[in-house]
Amino acid sequence: MAILLQITKASKSYGEQILLDEAEASISDNVKMGFIGKNGAGKSTLLRVLLGEEELDGGDVIRHPTLKLGYLRQHDPFLPGETSLEFLMRDSGQPDWKCGEVAGQFELKGSYLEGPIDKLSGGWQTRVKLAALLLHEPNLLLLDEPTNFLDLRTQILLEHFLKGYRAGCLIVSHDRAFLEATCTHTMDLSRGKLTTFPGKVEAFLEYQKEKRAHDERSNAAILAKKKHLEEFIARNRARASTAALAQSKSKALEKLETTVILSDEPTARIRAPQIEPRKGIALRCKDLAIGYPERQIASDVQLEIDHGSRAAIVGDNGQGKTTFLRTVVDSLKPISGEVRWGFGCKVGVYAQHVYHSLPDKQTVLDYLRSASAGKRREQEILDVAGSFLFRGQHTKKPISVLSGGERARLCLAGLMLSDYNILILDEPGNHLDVDTVDALVDALVDYPGTVIFTSHDRHFTKRVATCIIEVRDGRVVNYSGQYDAYVEKVNSEIEAGERELADKKPKLPEGVAKPVKAAPKAVKRGEKDIRKEIKSVEKTIAQLDGQRRDLNAKMMNTSDAKEALKLHNELAAITKPLAEAEERWVELSEELEGA
């Protein structure tokens, strides 16, 4: 296992904000690492450092001689009028048959491959960039929020690609379902320090909780022992007969040290609008056709959404989810039919165009005051601002200097101060870190009003949605099933397409010979030989598993970053041979049954 990147004593700051503080980590060639941390922690900055686009203030990034980085570009590298196939050939230098074969892994075929790329939706263009990335055959992929604005189908295609990709990956994402599906290791950036963990993100978050609880219990025991020793010393110091013993206890007291537990970083605590719940139908669409003068998107929409529902609008990019939302909020007129809201409905909208059009001259506090329309006390407004991490001087910031993530949080804070009983949310989780997304989920689950939303975050959608509305093939229908069932349906469709693609073996160009593999010779072994090898393999598994448990226990108890990194590297070194030994045991067991 080669270490492709080694980060040592890395320091980086902007003014008073310290992003990297003597940070250390290593990334290996066969490890898929999920990279997490709060917004503004410095994840994107570290990626730019790894790409060579920024310099560290101190420390080093050591690159392996064989390192070949692949980076999912956020900008569009396409030429006007260029087709997907033409771009792939130009970008990679590979022949058309090879580009077509790789593009097929992302369902790029027909007009999607041969047609103009500028006519494709953002999600399909991302598929083209992913295919281009694969054609360059990098041994380390850097992906920065790859699932933002990707529909479910493209996310699952990307997951399948990453699972089968035999190279290292460093993936920055707030989408926990995506990280759980693709990454075997986790890296966290917090307070300038990098922590690597040889497990998935959920296991890492649980490990953090357990370690904190362990440290708190340990500190409580140490403090109790300190108190006992102090009382003993106070009672016996003056007596000649016990003075020596008291002196001995004093030395023992000096050696007792508690573990430093850092206070929790600020996290959002969100409270949904406090409104009176309503009953009956909130939204009714009758004989509805949606779209544009030159193109109809969907027709014959017959739909009802009850008050109190949390309806997730799902479907592939380009199928019309945003068009449907724009129609129901009356920013786009229907082609025919009607959209009717129930009596007393007050509709609040959160969408990308909303937080891009905030009044630049207002401060954060001015905007929240106007959003509450004088119906909230000043302290309530400050509490809501604080829950979205606008505290102290940050409330006086002009909107013009806010980042995209800060604007998104400000819009959501404004909605939470309102008295809307209907919330229309278009991708509310984008630009929000894991903790803020969780806080928003909890608020929406408790909200007594109606929520109609789109989200590509499966963790978010699964927890929030009470009903699923699918936009597909010119129809908008209430999907009769839970979100997990819908995800499984899409996954099954993709797997069926992959099997069909595998059955259609790619045609090699003239002059390229098909490789011929020699048939392996069958070796028949006796039961005694098989049992002997099984015993040997079981002994190896027991030894490696014992080492793994010991290393995990040591990692749980250490607070030293260098020691944790050393233990992590030792654990990583035995992970592969342990997996190989377990796989060999299964093979031998099957062989024994045959014998």
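The values are calculated or read from the model by the stated rules, or taken from the named source; none is laboratory data. Bear in mind the structure is a predicted one, so any value in this text is a computation, not a measurement. Methodologically, a virtual Cβ is constructed for each residue, glycine included, from the backbone with ideal geometry; neighbour enumeration extends over all protein chains shown. Keep in mind that these areas ignore ligands, DNA and RNA; they rest on the heavy atoms of the full protein, side chains included. Shrake-Rupley method; radii C 1.70, N 1.55, O 1.52, S 1.80 Å.
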Out of the strands (runs of 3 or more DSSP E) lying entirely within the range 303-353, which hold 3 or more residues that are crowded, with 19+ Cβ neighbours inside 10 Å and of a type in the set (A, V, I, L, M, F, W, C)?
310-314
So ALA221 passes all but one of these: (1) in contact with a helix residue (DSSP H, G or I) (Cβ under 9 Å, 6 or more places away or on another chain); (2) open to solvent by 20 Å² or more (accessible area, probe 1.4 Å). Which condition number does it fail?
(1)
Starting from the range 376-387, take each residue that is surrounded by 14 or more Cβ atoms within 10 Å (Cβ to Cβ) and list its partners that are part of a loop (DSSP other than H, G, I, E, B), counting only C-beta distances under 6 angstrom and pairs at least six apart or across chains.
ARG376/LEU417; VAL384/LEU417; SER387/ALA268; SER387/ARG269; SER387/ILE270
Single residue of LEU288, LEU194, LEU179, LEU283 found to be of a type in the set (A, V, I, L, M) and touching a helix residue (DSSP H, G or I) at 6+ places or on another chain (Cβ under 6 Å):
LEU179
Taking interchain pairs and intrachain pairs at least six residues apart, which have beta carbon atoms under 6 angstrom, with the first residue in the range 395-420 and farther than 18 Å from LYS346 by Cβ and the second open to solvent by 50 Å² or more (accessible area, probe 1.4 Å)?
ILE399/ASP360; ILE399/GLN362; SER400/ASP360; GLY404/HIS431; GLY405/ASN39; GLY405/HIS431; ALA408/HIS431
Filter the range 532-549 for residues that are in contact with a helix residue (DSSP H, G or I) (Cβ under 9 Å, 6 or more places away or on another chain) and within 13 Å of ARG584 (Cα to Cα); which is most open to solvent (accessible area, probe 1.4 Å)?
GLU538
Going through the range 183-208 one residue at a time, which ones are within 21 Å of ASN39 (Cβ to Cβ), part of a helix (DSSP H, G or I) and not acidic (Asp, Glu)?
VAL201, PHE204, LEU205, GLN208
For the range 76-105, pairs from a residue that is within 18 Å of LEU158 (Cβ to Cβ) and among the aromatic types (Phe, Trp, Tyr) to a residue that is open to solvent by 40 Å² or more (accessible area, probe 1.4 Å) and modelled with pLDDT of 90 or more, with Cβ under 6 Å and 6 or more apart or across chains, are none
Taking LYS211 as the residue in question, decide whether it is in contact with a helix residue (DSSP H, G or I) (Cβ under 8 Å, 6 or more places away or on another chain), surrounded by 14 or more Cβ atoms within 10 Å (Cβ to Cβ) and of a type in the set (Lys, Arg).
yes
Qualifying residue in the range 128-143 (condition: in contact with a helix residue (DSSP H, G or I) (Cβ under 8 Å, 6 or more places away or on another chain), within 30 Å of ALA23 (Cα to Cα), open to solvent by less than 30 Å² (accessible area, probe 1.4 Å) and assigned to a loop (DSSP other than H, G, I, E, B)):
no
Is it the case that ILE7 is open to solvent by 50 Å² or more (accessible area, probe 1.4 Å) and outside any loop (DSSP other than H, G, I, E, B)?
no
Residue selected from the range 190-208 under the condition open to solvent by less than 50 Å² (accessible area, probe 1.4 Å) and among the hydroxyl-bearing types (Ser, Thr, Tyr), by the criterion farthest from ILE3 (Cα to Cα)
TYR207
How many residues, within the range 414-434, are out of contact with any Pro (no Cβ under 9 Å at 6 or more places or on another chain) and either at pLDDT 90 or above or among the acidic types (Asp, Glu) (or both)?
7
Filter result for ALA351 (under 25 Å from VAL445 (Cα atoms) and in contact with a helix residue (DSSP H, G or I) (Cβ under 7 Å, 6 or more places away or on another chain)):
no
What number of residues within the range 72-102 are part of a loop (DSSP other than H, G, I, E, B), among the aliphatic types (A, V, I, L, M) and surrounded by 14 or more Cβ atoms within 10 Å (Cβ to Cβ)?
1
Expected output for the range 317-333 (first residue charged (D, E, K, R), partner open to solvent by 10 Å² or more (accessible area, probe 1.4 Å) and assigned to a helix (DSSP H, G or I), Cβ below 6 Å, 6+ apart or cross-chain) is none
Any residue at all in the range 411-423 that's within 28 Å of ALA312 (Cβ to Cβ), assigned to a strand (DSSP E or B) and aliphatic (A, V, I, L, M)?
yes
If I ask for residues that are open to solvent by 30 Å² or more (accessible area, probe 1.4 Å) and polar (S, T, N, Q), which ones from the range 161-189 would you list?
THR184
